[in-house]
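J.: Got a structure here, written out as structure tokens. Questions coming.
The values are calculated or read from the model by the stated rules, or taken from the named source; none is laboratory data. Since we're looking at a predicted model, the values are computed, not measured. Reconstructed Cβ throughout: ideal geometry from the backbone, glycine too, with neighbour counts over all protein chains shown. With ligands, DNA and RNA removed, areas are computed over all heavy atoms of the protein, side chains included. Shrake-Rupley method; radii C 1.70, N 1.55, O 1.52, S 1.80 Å.
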Amino acid sequence: MTGTALGMPSVRRAAPVGAPSDGPLLDTFGRAATDLRVSLTDRCNLRCTYCMPAEGLEWLPGDDLLSADELSRLLTIAVTRLGITNVRFTGGEPLLSRNLEGAIAAATSLRPRPQTAVTTNGIGLVRRAAALKAAGLDRVNVSLDTVNPEHFARITRRDRLRDVIAGLAAAAEAGLSPVKVNAVLDPVTGLDDAVALLRFCLDHGYQLRIIEQMPLDAGHQWQRDKTIDADLILNTLRREFDLVPDPAPRGSAPAQLWRVDGGVGTVGVIASVSDAFCGACDRTRLTADGQVRSCLFSREETDLRLLMRRGADDDAVEAAWRAAMWAKPAGHGINEPGFLQPDRPMSAIGG
Ligand code: SAM
Ligand code: SF4
């Protein structure tokens, strides 16, 4: 596949002094990471405008990807040594990975058993949902930005809306609960799309989460004034629905939740840019090629794959992971003047 080069970060941070050698996976601001995001592949079968260029990207070479055994080893270190309690598999498109069921089974065989989730575009879920559930998957988030077929084809550059809707139904049928829908709104049609999406999700019992678009597109074209922010989303939804703040404590969850029309249905709005929740962040990230990132917006990575392939033992891998997280910055800095977008786009980090 030819296309835009990823321009991988070349910087490798030296271990900062002071990372604790055991206990929770802490950073210097006192946050403990308990939620691991694992990217299984950087490949994808859609080309969402806010994520990938039309021609795709230069995919990671197969040898660079973690093997099933390497991933299983890192999951074991994460859960049994670092205190990870939640594992989310993502990508690229995780359903393109043949190891998805194996990775879920590896995670759920660990003790204490972590909760498992997948973030997917839903294409092919209709054939995989039952097997994913059987492997131990607890929950799924399906990304869907619109229920309008023309808008869908324009945003994703593929005519696959029916597959996604079938995938959602298959997930619910398989007992993956709750089924959440993640939406990023198109700057032109997004507000109309949000209203129709919420109706669709309420009708089907899916939980909608609308997320502000972030500067993680491969083309570095993001412009703040071309995106739809949380206030505008909420004001638009309020014209059509009665929204009351959900009384449940938010904890480290990024979505501000609202109860809709006095029923059991909720909608969440994730103000990742306009009202960042970095202070409560509990995430650590692993790319498909075995790099730890302490933040979506990190410009530095720690190469656990190289360490393992050079024969490092579990103590050394654990220490490197702890050092990477100890150096986690206070926040993503999008709203600061010197902000620089990371070199890897969302699809190569794992959203
Ligand atoms: N392919 C899968 C999917 O789309 O669900 C998993 C990977 S995708 C990178 C994970 C999530 O990131 C999706 O919900 C997608 O909408 C979101 N995403 C991608 N680019 C984004 C951006 N620039 N800003 C905000 N969210 C983005
Ligand atoms: Fe693929 Fe997900 Fe990116 Fe869309 S958001 S191009 S489905 S990785």
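J.: Could you grab the relative contact order for the chain? Cα pairs under 8 Å, six or more apart, rounded to a whole percent.
T.: 24
J.: For D275 and S252, calculate 0.36 nm times their separation in residues minus their Cα-Cα distance, and state this gained length in nm to one decimal.
T.: Taking 0.36 nm per residue and subtracting the Cα distance, the gain is 6.9 nm.
J.: Given the Cα-Cα distance of Q221 and A105 and 0.36 nm per residue of separation, how much length would full extension add, in nm?
T.: 37.9 nm
J.: Report the residue, chosen from I270, I211, I334, that carries the largest GNM mean-square fluctuation when the chain is represented by alpha-carbon nodes joined by springs under 10 Å.
T.: The residue that fluctuates most here is I334.
J.: Can you tell me how the range 74-201 classifies by the Cα gyration tensor, rounded, prolate or oblate, using a/c under 1.5 as the rounded cut?
T.: prolate
J.: Working out 0.36 nm times the residue gap between L340 and S21, then minus their Cα-Cα distance, what length gain in nm do you get to one decimal?
T.: 111.7 nm
J.: Check the chain for me: any Cys whose beta-carbon has no other cysteine beta-carbon within less than 4.7 Å?
T.: C44, C201, C278, C281, C295
J.: Can you figure out the FRET efficiency of D242 with E173, using R₀ = 22 Å and their beta-carbon distance, to the nearest 0.05?
T.: FRET efficiency, D242 to E173: 0.15.
J.: Taking Cα atoms, how many degrees apart are the long axis of helix 314-326 and the longest axis of the chain, rounded to 10 and kept between 0 and 90?
T.: In the chain, helix 314-326 runs at an angle near 50 degrees to the longest axis.
J.: Quick check: the angle from helix 161-173's long axis to the longest principal axis of the chain, C-alpha only, nearest 10 degrees?
T.: Here the helix axis deviates by roughly 70 degrees.
J.: Roughly how many percent of the accessible protein surface of the chain is carbon and sulfur, given a 1.4 Å probe and a whole-percent answer?
T.: That fraction is 52 percent.
J.: Here's another thing I want to ask about it. May I ask you to give the solvent-accessible area per residue for the chain, in square angstrom, as obtained with a 1.4 angstrom probe?
T.: 43
J.: So if R0 is 56 Å, what FRET efficiency would A316 and D261 give, r being the distance between their Cβ atoms, rounded to the nearest 0.05?
T.: 0.55
J.: Let me ask something additional. How long are the three semi-axes of the equivalent ellipsoid of the chain, in whole Å, if each is the root of 5 times an eigenvalue of the C-alpha gyration tensor, listed from largest down?
T.: 31, 22, 21
J.: Can you bin the range 57-102 into rounded, prolate or oblate? Criterion: square roots of the alpha carbon gyration tensor eigenvalues sorted a ≥ b ≥ c, rounded for a/c under 1.5, prolate for a/b above b/c, oblate for the rest.
T.: prolate
J.: While we're on this one: Mind jotting down the distance between the C-alpha centroids of the range 112-147 and the range 196-250, whole Å?
T.: Value for the Cα centre distance between the two parts: 21 Å.
J.: Calculate how steeply helix 230-240 sits against the longest principal axis of the alpha-carbon atoms of the chain, using the helix alpha-carbon long axis, and give the answer as 0 to 90 degrees to the nearest 10.
T.: 30
J.: Once a ≥ b ≥ c are taken as the square roots of the eigenvalues of the Cα gyration tensor of the range 30-73, is the result rounded (a/c under 1.5), prolate (a/b larger than b/c) or oblate (a/b not larger than b/c)?
T.: Since a/c reaches 1.5 but b/c is at least a/b, the shape of the range 30-73 is classed as oblate.
J.: Straight-line reach from K133: which lysines fall under 25 Å, measuring Cα to Cα and dropping same-chain residues less than 8 apart?
T.: K180
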